[in-house]
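Below is one structure, written out as structure tokens; comments come after it.
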Amino acid sequence: MSQQYYAGSCLCGALRYEVRGEIGDVVQCHCQRCRKANGTAFATNAPIKKSDFQVVQGEQFLKSYQSTATTQRCFCSECGSPIMSIKADTPEYYRLRIGTLDTPLAQKPMMHIFVDSKAEWDVICDQLPQYPERP
Ligand SMILES: [Zn+2]
Ligand SMILES: [Zn+2]
């Protein structure tokens, strides 16, 4: 049984949120859009229920960018920290960027996804399952 309360915040601290519920399977997403949005080799994301998520400070700083016809990426407009994405086909879930959590997370990443579009310089050094796209 995983923990039921998590706190998180952006880099500048203007934006603070809580998750009161389960954090789902953690994935390392190597898609180009995640790489661009984070400036990194991959994004570390996990689904949470929208109803478990609440901004507790700085709601006005949470801005969103429509990165595809079906995906919105939400970030802090002050410091640019990516917070979550929302997909039109699963609007009841947010995909949380778990690097913004302040509460320690017990679970470990489960898989690498969108490995077909990973950066050519990136070397995956663990034994987790790898999927060409979303499995
Ligand atoms: Zn911020
Ligand atoms: Zn991605």
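The values are calculated or read from the model by the stated rules, or taken from the named source; none is laboratory data. In this text, all values refer to a predicted model and were calculated from it rather than measured experimentally. A quick note on method: Cβ atoms are made from the backbone with ideal geometry, for glycine too, and the neighbour counts reach across all protein chains shown. The protein model used for the area step is the full one, side chains on, heavy atoms only, and it has no ligands, DNA or RNA in it. Shrake-Rupley method; radii C 1.70, N 1.55, O 1.52, S 1.80 Å.
Matching residues to (1) more than 14 Å from Ser81 (Cβ to Cβ); (2) not aliphatic (A, V, I, L, M):
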| residue | (1), (2) |
| --- | --- |
| Cys29 | yes, yes |
| Gln32 | yes, yes |
| Ala37 | no, no |
| Ala41 | yes, no |
| Lys50 | yes, yes |
| Val56 | yes, no |
| Leu62 | no, no |
| Gln66 | yes, yes |
| Ala69 | yes, no |
Practice task
Would you be able to say whether some residue in segment 13-24 is touching a Lys or Arg at 6+ places or on another chain (Cβ under 7 Å) and assigned to a strand (DSSP E or B)?
Solution key: no
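Which of the residues belonging to segment 54-87 are among the polar types (S, T, N, Q), outside any strand (DSSP E or B) and either more than 14 Å from ligand 2 (Cβ to nearest atom) or within 20 Å of Leu11 (Cα to Cα) (or both)?
Gln60, Ser77, Ser81
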Problem - Selection status of Ser77, over 19 Å from Arg134 (Cβ atoms), touching a Cys at 6+ places or on another chain (Cβ under 6 Å) and hydroxyl-bearing (Ser, Thr, Tyr) - result: no
Exercise for the section: Scan segment 32-40 and give yes if some residue there is touching a residue at least 12 places away in the same chain (Cβ under 8 Å) and of a type in the set (Ser, Thr, Tyr), otherwise no. Expected result: no
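In segment 25-44, what count of residues is obtained for those that are away from ligand 1 (no atom under 16 Å from the Cβ), open to solvent by 30 Å² or more (accessible area, probe 1.4 Å) and not in a strand (DSSP E or B)?
Residues flagged as away from ligand 1 (no atom under 16 Å from the Cβ), open to solvent by 30 Å² or more (accessible area, probe 1.4 Å) and not in a strand (DSSP E or B) within segment 25-44 amount to 7.
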Practice task
Evaluate the following for Leu15: is it within 15 Å of ligand 1 (Cβ to nearest atom) and surrounded by 15 or more Cβ atoms within 10 Å (Cβ to Cβ)?
Solution key: yes
Exercise for the section: Identify the residue in segment 81-135 that is more than 27 Å from Val19 (Cα to Cα) and of a type in the set (A, V, I, L, M) and, among all such residues, is nearest to the chain's Cα centre (by Cα). Expected result: Val115
